[in-house]
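The values are calculated or read from the model by the stated rules, or taken from the named source; none is laboratory data. Because the structure is a prediction, the values reported are computed rather than measured. Quick reminder, even Gly has a Cβ in these numbers, built from the backbone with ideal geometry, and neighbours come from all protein chains shown.
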Amino acid sequence: MVVRIRLARFGCRNRPFYRLMAADSRSPRDGKHLEVLGYYNPLPGKDGGKRMGLKFDRVKYWLSVGAQPSDPVERILFRAGILPPPPMLAMAHKGGPRDGQPIDPMTGQPLDIEGLTIVDNPNTPDGENGASIEEMA
């Protein structure tokens with residue numbers, strides 16, 4: 001049984017409200033679930049923000065036992081600080097081939113990899129970071 005963490009839609013027409021559910025991947029979207037893990041209200045409240053509530057300990061538990069989050073849930077968990085940013089690639093144009101340049105998840109702008117320098121690379125043996133072993137001693 002593959003467990004997915006996904007959104008189940010509630011609310012009425014044009015006023016969606018979602019619950020984060022841990023459910024079997026074969027069950028329908030609004031069907032049988034194992035546990036309710038939180039809620040997400042995409043409509044802005046009076047303060048202009050979207051409302052979200054999570055049971056952090058239960059979400060971490062389900063992720064630790066191998067539950068796979070859906071793409072929207074992965075973005076929600078990233079905003080909550082539970083998951084690292086999902087990998088994003090820039091697209092040249094809609095429906096076209098993807099550009100291999102990574103995107104900064106916070107700003108949405110392409111990262112400039114050519115200007116970056118790696119100071120301490122753990123994969124290189126001593127002495128290959130520009131200085132010889134004798135100079136380091």
- For segment 35-69, enumerate the residues that are surrounded by fewer than 15 Cβ atoms within 10 Å (Cβ to Cβ), of a type in the set (Gly, Ala, Ser) and either under 15 Å from Phe10 (Cβ atoms) or in contact with a strand residue (DSSP E or B) (Cβ under 9 Å, 6 or more places away or on another chain) (or both). Gly45, Gly53, Gly66
- Would you please list the contacts, defined by Cβ atoms under 6 Å and residues six or more apart or on different chains, that run from a residue in segment 24-53 that is in the same structural domain as Leu7 (by TED's automatic domain parsing) to a residue that is modelled with pLDDT under 80 and not hydroxyl-bearing (Ser, Thr, Tyr)? Asp24/Met1; Pro42/Lys50; Arg51/Gly45
- May I ask you to verify whether Pro72 is closer than 14 Å to Leu7 by Cα and touching a residue at least 40 places away in the same chain (Cβ under 8 Å)? yes
